[in-house]
């Protein structure tokens with residue numbers, strides 16, 4: 001007898017929700033879904049992003065893929081309608097996690113997108129190689145996190161665990177302000193184009209690369225900027241200061257400082273992390289842990305703080321006593337540092353090679 005299909009649901013069948021559905025169905029899940037626009041949900045069925053329309057009470061995981069402002073109500077609704085795990089895909093986390101206080105809710109943010117909008121742009125490969133942030137808290141159910149981490153990883157994403165507030169501060173730098181900057185550059189170019197018709201025809205190469213993200217759907221940004229206002233304003237202030245410094249360097253023809261600044265930026269860009277390690281470059285780490293709330297959040301966020309990527313995670317509960325074991329697969333080159341930090345927190349991990 002074949003094993004029953006694993007079951008998931010998506011609330012919102014646009015680009016992200018549709019891509020999640022396509023990806024999960026490809027690896028063997030049954031996926032149901034809803035959308036505020038019934039025609040969009042129907043199109044999701046036509047395109048194979050979901051099997052059926054509706055919320056499946058038996059869903060093991062429900063992904064809320066609505067605009068940020070609608071997430072708390074949608075997540076609470078999914079928690080009430082199912083007994084499984086509920087997560088979201090919004091790019092702001094702290095306010096949402098505080099608004100949806102349940103051990104079965106884990107905030108999430110896949111850092112992936114497309115220039116295409118809506119269900120027509122859905123792609124099962126959208127998350128391949130992308131970072132998918134999860135934000136466990138002290139109240140997060142450890143088994144729920146393990147299931148969600150496995151489901152997200154099956155879509156090809158690299159899971160990074162962060163505290164919700166830390167996530168919001170970081171994405172202000174790497175996502176929110178870059179989008180606003182791209183929009184400002186496009187405004188500048190468009191304004192100049194009315195005077196010089198050739199300008200936009202010359203806007204190729206680097207300009208197109210820098211402004212590509214400005215083509216994303218604008219409708220999601222008022223909620224994002226409202227929910228993450230303080231972090232975004234802080235980063236914008238820092239950007240204005242940095243641009244002011246560059247203006248001064250150029251205005252004074254300080255070629256030495258300009259070269260130094262550009263070389264530092266080039267080096268930082270080259271050092272952005274790459275993906276995918278071979279099995280020989282990975283180790284399995286077994287971490288005995290007490291069976292208490294918050295342990296998994298502590299270990300996974302510690303890994304993120306010291307730039308250790310957890311490629312796989314499993315929780316083995318002891319049949320006796322109040323202890324269990326976290327089984328982690330991590331980069332062998334960073335294992336010693338991770339062990340050191342775990343020792344400082346009172347954990348005693350064991351490490352084995354996987355080659």
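FYI, it's all coordinate maths here, none of it is from the lab. The model shown is predicted, which means the values in this text are computed figures rather than measured ones. Here the Cβ positions follow ideal geometry from the backbone for every residue, glycine too, while neighbour counts run over all protein chains shown.
For this structure, a couple of remarks:
- On full extension, the segment bounded by residue 150 and residue 217 gains 21.2 nm, given 0.36 nm per residue less the C-alpha separation.
- Stokes-Einstein diffusion for the range 167-270 at 10 °C, viscosity 1.306 mPa s, with a Kirkwood radius from C-alpha pairs, works out to 101 µm²/s.
- Each residue, residue 70 and residue 184, gets one label point 7 Å from its Cα in the Cβ direction; the gap between the two is 3.1 nm.
- Estimated FRET transfer efficiency when R0 is 25 angstrom, pair residue 98-residue 298 (beta carbons, to 0.05): 0.85
- Helix-only [θ]222 nm of the chain, DSSP H runs n ≥ 4, -39500 (n - 2.57) each, per residue, nearest 500: -13000 deg cm²/dmol
- Stretch gain in nm, segment residue 266-residue 242, where the contour uses 0.36 nm per residue and the Cα spacing is subtracted: 7.1 nm
- Length gained on full extension, residue 259 to residue 46: 71.2 nm, using 0.36 nm per residue less the C-alpha separation.
- Take each peptide in 7-14, 169-176, count the other Cβ atoms within 10 Å of every residue, and average; sorted highest first, the result is 7-14, 169-176.
- Each of 272, 188 was scored by other Cβ atoms within 10 Å of its Cβ. Arranged with the fewest first, they read 272, 188.
- Rounded to 10°, Cα long-axis angle of helix 15-26 versus longest principal axis of the chain: 40
- Principal-axis tilt of helix 255-270 within the chain, Cα atoms, nearest 10 degrees: 30
- Efficiency of FRET between residue 128 and residue 327 - r from beta-carbon atoms, R0 22 angstrom, step 0.05: 0.35
- The Stokes-Einstein estimate for the range 279-353, based on a Kirkwood radius over Cα pairs and taken at 10 °C with 1.306 mPa s viscosity, is a diffusion coefficient of 128 µm²/s.
- Axis angle, to the nearest 10 degrees, between helix 142-153 and the longest C-alpha principal axis of the chain: 50 degrees.
- According to the Cα-based calculation, Rg over Rh for the range 1-104 is 0.97, with Rh computed by the Kirkwood formula.
- Between the C-alpha center of the range 1-40 and that of the range 78-128 there is a gap of 13 Å.
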